[in-house]
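Report on one structure; see the data block that follows.
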Amino acid sequence: MRGIVLSISLLLLAVGCGRDNDYMQPSSCSVVSLWSYVRNSTVVIPDDIYIDGYIVANDKFGELDNCVVVADSSGGVAISADAECIENILPLHSRVKLHCSGLWIANQDIKLLLGAKPTGEYLVDKVPQRALLNYIRPVPDNDSTPIVNHRTIATLKDRDMLTLITISDIHLVEEEHGLLWADIDEESGRAITSIRHFTDGCDTLSVVISSSCHYAKEAIPTTSVRLSGILDNYADDKALRIINHGVDIM
């Protein structure tokens, strides 16, 4: 009889542990819901949550430095990373699960940032390369693609920040005809992170080109183009950051 009671007790204990394990499973959430964690200063995310999204920007073509952007249908978030050749481990447009627990979160001018605990002047520190895949985990054998939002310059909104967008039928402003994508330092010959301007005839769009961009020294087309990338902020203003050399002549 005592053996039967012991067996039943062990069974109940096992069932109870199973329930605890189920309860402790990571919870799915959206990028927009991360705003509920944002405070006046950088804070750590304590909850075991993950975002099911896509890599919409990385260092492919050198368009973004030490950073990877994950977006879902509700918005995008940038993860600061101390890593090179991110494209090789987290390819552009691949589906991923972004596990947020233990990452630190901050708001940089309506731009969500995730990273390691800050130790200096930056809102977040870079996640070491060795730890990056602990937080951003590829979803294998997935053939879906991220949502591309088609916008005009006038319809760009704060909610488009760090999401993948396309703007068609725009052209370089006349004052910048003949320029390269980026300015060049005369002494070193190196590209300098620069802003270029495109217009649809009514409104003007700022386009930021990183100094590390592989095509920074190429001439900008002066005909009508379609630009694809993410909406970012630079120098206290919204700017399109071209991703995957998304410049199509129309």
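The values are calculated or read from the model by the stated rules, or taken from the named source; none is laboratory data. Keep in mind that what you see is a predicted model, and the values were worked out from it rather than measured. All Cβ positions, glycine included, derive from the backbone under ideal geometry; neighbour counts span all protein chains shown. Ligands, DNA and RNA are excluded from the accessible area calculation, which covers all protein heavy atoms including side chains. Shrake-Rupley method; radii C 1.70, N 1.55, O 1.52, S 1.80 Å.
Observations on the model:
- For the chain, calculated [θ]222 nm from helices alone, where every DSSP H run of n ≥ 4 adds -39500 (n - 2.57): -4000 deg cm²/dmol
- Label-to-label distance, Thr145 versus Glu218, with points set 7 angstrom from Cα along the beta-carbon direction: 1.9 nm.
- For the set Trp104, Trp181, the ranking by accessible area, highest first and with no ligand, DNA or RNA atoms included, is Trp104, Trp181 under a 1.4 Å probe.
- When you count the other C-beta atoms within 10 angstrom of each residue and take the mean per peptide, 40-46, 92-98, 219-225 line up highest first as 92-98, 219-225, 40-46.
- Solvent-accessible area of Thr193 with every protein chain in place, 1.4 Å probe, in Å² to the nearest 10: 50 Å²
- The accessible area of Thr199, taken with all protein chains in place and a 1.4 Å probe, comes to roughly 20 Å².
- For Met250, the solvent-accessible surface with a 1.4 Å probe is about 110 Å², rounded to the nearest 10.
- For the chain: span of alpha carbons on each principal axis (Å, largest first): 92, 36, 35
- Residues of the chain: accessible area per residue with a 1.4 Å probe, Å²: 54 Å²
- Taking only protein heavy atoms and a 1.4 Å probe, the accessible area of the chain is 50% carbon and sulfur.
- Largest GNM mean-square fluctuation across Tyr50, Tyr215, Tyr122, computed for the chain with C-alpha springs under 10 Å, falls on Tyr122.
- Counting DSSP beta bridges with both ends in the chain, the antiparallel % (nearest 5): 80 percent
- Charged neighbours of Lys111, selected by a Cβ distance under 14 Å, balance to -2 (K, R count +1; D, E count -1).
- Cα-based helix-to-principal-axis angle, 2-23 vs the chain, degrees rounded to 10: 10 degrees
- By average C-beta atoms within 10 angstrom, highest first, the peptides 68-76, 165-173: 68-76, 165-173
- Counting 0.36 nm for each residue step from Thr199 to Lys157 and taking away their Cα separation leaves a gain of 13.4 nm.
- Efficiency of FRET between Glu121 and Lys97 - r from beta-carbon atoms, R0 30 angstrom, step 0.05: 0.45
- As a rough guide to protection, the peptides 185-192, 54-61 ranked by mean Cβ packing within 10 Å, highest first, stand as 54-61, 185-192.
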